């Protein structure tokens, strides 16, 4: 990615509903070869040290297609936005350069940055049974609010994109079932 190219950020978690940074353009996008999973612990936003929440990260999965939003950054604010995102995603996320498919009639491709938490970080929780993930989410709360809110808002944002995500929707269903909400 050259400094002259437009800089896109791919959002697949809370960036879907709360980017909290200026952007010049916002477009639905898809990232091939990655799946969204609640495998990252949050001790700074949706949980606390000793009682982490669970938030999403991306894991490699050959046939997967992860739906999200691509945000094109204004040239004049690139460095400031990246500093803010680096701070926001400091709980174990690393920046990666990826190729996105922007969802529009021309279906163009774009180079983007995405924040991914891997097993190399101390907050990585990894896979767990869906019931265990839902139980942990129900009990977690951090400075950004209840972990339950994060899951429900993520599911809502994915539906607004008309995107399918079996993992997110399964965790959401377990949480709604446990609370009696529809």
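So which residues in segment 144-171 are within 13 Å of residue 12 (Cβ to Cβ), surrounded by 18 or more Cβ atoms within 10 Å (Cβ to Cβ) and over 13 Å from the mean Cα position of the chain (by Cα), if there are any at all?
163
Please go through (1) crowded, with 16+ Cβ neighbours inside 10 Å; (2) in contact (Cβ under 8 Å) with a residue 40 or more places away in the chain; (3) farther than 19 Å from residue 152 by Cα; (4) under 15 Å from the mean Cα position of the chain (by Cα) for residue 90 and return the number of the only condition it doesn't satisfy.
(1)
Scan segment 114-136 for residues that are outside any loop (DSSP other than H, G, I, E, B), in contact (Cβ under 8 Å) with a residue 40 or more places away in the chain and either out of contact with any helix residue (DSSP H, G or I) (no Cβ under 8 Å at 6 or more places or on another chain) or loosely packed, with under 11 Cβ neighbours inside 10 Å (or both) and jot them down.
114, 116, 117, 124
If you go through segment 64-87, how many residues are under 18 Å from residue 101 (Cα atoms), surrounded by fewer than 19 Cβ atoms within 10 Å (Cβ to Cβ) and either modelled with pLDDT under 95 or within 14 Å of the chain's Cα centre (by Cα) (or both)?
Qualifying residue count for the region: 1.
The values are calculated or read from the model by the stated rules, or taken from the named source; none is laboratory data. Remember, it's a predicted structure, so these values are computed and weren't measured experimentally. All Cβ positions, even for glycine, are placed from backbone atoms using ideal geometry, and neighbour counts span all protein chains on display.
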